[in-house]
1. Using only the Cα atoms of region B:12-111, build the gyration tensor, take square roots of its eigenvalues as a ≥ b ≥ c, and label the shape rounded, prolate or oblate: rounded if a/c is under 1.5, else prolate if a/b is larger than b/c, else oblate.
2. For Cα pairs less than 8 Å apart in space and 6+ apart in sequence, what is the mean separation divided by the residue count of chain B, i.e. the relative contact order in percent?
3. State the answer as a single residue: which of B:I157, B:I192, B:P304 lies farthest towards the positive end of the charge dipole of chain B, with beta carbon charges of +1 for Lys and Arg and -1 for Asp and Glu, about the Cα centre.
4. Among DSSP beta bridges whose residues both lie in region B:132-342, state the antiparallel percentage, nearest 5.
5. Would you mind checking which residues have amide H under 5 Å from B:I274's amide H? H placed 1.01 Å from N; only 5 or more apart, or other chain.
6. How tilted is helix B:35-48 with respect to the longest principal axis of chain B? Cα atoms for both, answer in degrees (0 to 90, nearest 10).
7. Relative contact order (percent) for region B:345-435, with alpha-carbon contacts under 8 angstrom and 6 or more residues of separation?
8. Could you work out, residue by residue across A:56-63, how many beta carbons of other chains sit within 10 Å of that residue's beta carbon, and then give the average as an integer?
Amino acid sequence: MSEDARIEEVAAKWKDVPGSLIMALHEVQEKLGYVPRETAMELAKEMHVPLARIYEVLTFYSFFKLTPPGKHKVQVCLGTACYLKGAAKLVEELKDQLKINEGETTEDGMFELELVRCVGCCGLAPVVVIGEKVYGNVEPAEIASILSEYEK
Amino acid sequence: MAEKICLEDIQKSQQEAGDTWIKVGMATCGIAAGADKVYKAVLKEVESNGLNIPVMITGCIGSCYAEPLVEVKTSEGQFMYTGVDEAMVSDIVGKHVATGKSLPSGVPSDSFNEGQMRIAMRHCGIVDPESIDSYIGNDGYAALRKHLTEGTPEGVIEEMKKSGLRGRGGAGFPTFMKWTFASKSKSDEKYIICNADEGDPGAYMDRSILEGDPHAVVEGMILGGYAIGATKGFFYVRAEYPLAIRRLQKAIDACKKYGILGENIFGSSFSFDIEIRLGAGAFVCGEETALIASLEGKRGTPRPRPPFPTDKGAFEKPSVINNVETLANVSAILFKGGDWYGSIGVGKSTGTKVFAVTGKVKHSGLVEIPMGTTIRDVVFKICGGIAKEKKILAVQTGGPSGGVITEQYLDTPISYESLAELGSIMGSGGMIVMDEDDCIVDIAKFYLGFCVDESCGKCSPCRIGGKKMLGLLEKISEGKGELGDLDKLKQICHAMQKASLCGLGQTAPNPIVSTLRYFEHEYKAHITEHKCRAGVCQKLLKYLVVEDKCKRCGICQKICPADAIEGDRKSGFTVIQDKCIKCGSCLDSCKFDAIVKK
């Protein structure tokens with residue numbers, strides 16, 4: 001089934017139920033993993049609610065995601081130790097290589113970049129965590145080879 | 001079309017199901033501990049032993065520390081096995097069930113809940129939450145039928161008045177009064193809403209009840225709906241509780257099939273329907289008016305009261321909002337009578353209360369106790385005391401809206417009034433036990449940080465006050481505080497309590513007010529002596545090299561990410577405090593315990 005058809009289905013189900021916008025958004029997110037802008041626009045049209053009303057709700061509740069979750073979550077520790085050891089440079093390198101900002105996901109959906117507080121392995125600073133694997137003493141030059149482990 | 005059912009027939013068939021069975025606790029907590037695998041292993045063992053006995057799933061019995069739990073009933077009695085893994089299953093089934101003789105590791109089930117009294121959780125761990133027949137078999141829906149066919153809405157409210165039940169969500173408003181207001185409001189439509197958006201960090205009794213006995217809550221809601229003349233009920237449930245949502249939906253569907261929901265329930269003139277609405281991760285939606293906004297599909301921001309929801313609630317219609325535990329009590333009260341419930345407890349706090357006891361206790365989990373039980377009994381008798389033989393520091397009740405109770409007040413009998421007198425609140429039932437390793441300033445910071453994150457931002461006292469106080473607490477925990485900061489904190493607390501729009505902002509300062517009341521000396525120690533008694537506030541710690549123990553291996557110097565360790569293998573090493581970032585790497589790396597944290 002095409003994405004549009006699925007949105008139509010969600011809209012049709014909830015359109016006439018009073019106050020059901022949050023329920024409709026839950027269904028969209030369950031199907032797509034997040035709520036893309038085009039979908040929000042489509043939903044606004046189908047459910048006859050202004051787009052602003054939809055974003056008002058999406059941005060209020062922490063449960064709703066506006067960007068797709070990546071297959072691999074890349075976390076860079078920005079705790080004091082890692083910061084001193086050059087974590088900021090790692091962030092720059094990752095942004096360059098992945099062509100995304102923090103909190104975003106790459107176009108191919110492979111990586112999601114997140115900056116986190118101390119992950120508790122300061123002795124290994126600076127630290128990058130991908131999935132559940134921890135990389136310590138990371139140099140900016142190593143980023144490319146680390147990412148290549150996941151690219152297949 | 002609904003089936004015609006007879007409660008007595010179902011009860012009879014349930015009783016005839018036999019007196020040998022196995023039950024596996026399958027709430028979220030049990031499943032996380034591995035109950036899924038245990039359940040499958042039990043099914044397999046039962047089959048390979050050629051036994052013909054029922055294997056049932058149940059909800060949480062509350063003993064989270066002992067999960068996964070398997071209970072066995074034979075003619076010898078009921079026995080509980082704790083911490084069960086797949087390897088133990090073959091003995092439990094092959095030996096205990098097959099021979100009827102319990103294993104030494106089995107604990108008699110009766111002794112399991114000693115000191116407790118189960119009313120709201122009466123069926124948790126006993127009924128199969130996914131089977132309506134199992135609930136009916138335990139007297140379920142009998143009260144509903146009786147009141148619908150023989151009673152009146154006023155009669156229901158009268159029973160509630162006798163029971164003295166007060167809202168279990170936190171504020172403790174008498175349930176019968178809420179219902180009376182709503183029943184007197186004139187409107188073509190009225191709603192009853194169950195608040196199942198449990199968001200206090202450390203509290204999970206509502207999840208357990210919904211996962212363990214959803215029908216008790218559904219029956220309570222239908223009775224409440226009948227009492228106020230509602231046409232429809234809503235469950236507002238956290239989206240983060242998928243299992244509770246699934247079991248609740250199953251319960252609602254089963255009721256529709258049996259005609260317990262829908263038109264002319266039990267042949268009476270009362271018609272009622274229930275719908276589930278999901279929350280989406282906003283703590284403020286626990287506040288009545290914010291919840292209503294969210295239920296209507298809007299941002300969950302509160303509005304000033306009056307008008308109160310019982311006059312103008314969801315979709316502008318009179319609405320009653322009751323908490324999960326409250327409704328689970330309602331169905332019990334209307335089965336056994338208001339006088340019975342009212343005879344339990346102390347003074348104006350009748351009945352029982354469920355607490356989620358967590359923190360530094362040996363046996364964390366859910367306990368349901370009659371009001372009037374002392375906090376000491378809950379912590380030391382029921383929950384086994386403090387873990388690792390440490391000293392108790394305080395007990396925190398009421399979550400981010402509550403306060404601390406110090407050791408000298410542990411003998412206080414629990415009631416709405418006594419906790420308020422001590423500067424805390426009953427709250428929804430979180431009880432966090434702290435020991436000597438916990439820092440009071442850090443705890444206050446944690447709760448306030450939670451409220452700052454969750455503030456909806458609509459009113460300025462809460463939005464700005466919270467942030468300012470958090471800044472002051474951070475300053476104090478970093479050793480940069482001044483004595484005048486304590487007065488500033490008190491002032492902001494007062495302003496927030498008086499001027500915030502809703503309960504979140506009004507109660508967010510409570511943990512600070514309460515900790516300042518009992519532990520002002522700890523705040524002062526942070527400020528004047530730069531000391532954190534518990535060694536929690538990182539910035540106040542000093543890492544030092546103990547010369548006598550140091551073997552001068554130099555590992556610490558190599559590992560230090562901040563180059564804060566100076567010296568060499570000849571002259572020894574010292575930590576340069578100005579450079580040290582307190583990460584603790586040196587302490588972890590030293591094999592000779594030659595680095596200490598002070």
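Laboratory data are not the source of any read-out in this text; all were calculated from the coordinates shown. Being a predicted model, the structure only gives us computed values, none of them experimental. Note that each Cβ is placed from the backbone with ideal geometry, even for glycine, and that neighbours are counted across all protein chains shown.
1. Rounded shape, in that the Cα axes give a/c under 1.5.
2. 12 percent
3. About the Cα centre, the residue reaching furthest to the positive side is B:P304.
4. If I count the DSSP bridges inside region B:132-342, around 10 percent turn out antiparallel.
5. B:G233
6. So the helix axis and the longest Cα principal axis differ by about 50 degrees.
7. Worked out over region B:345-435, it gives 34 percent.
8. 6
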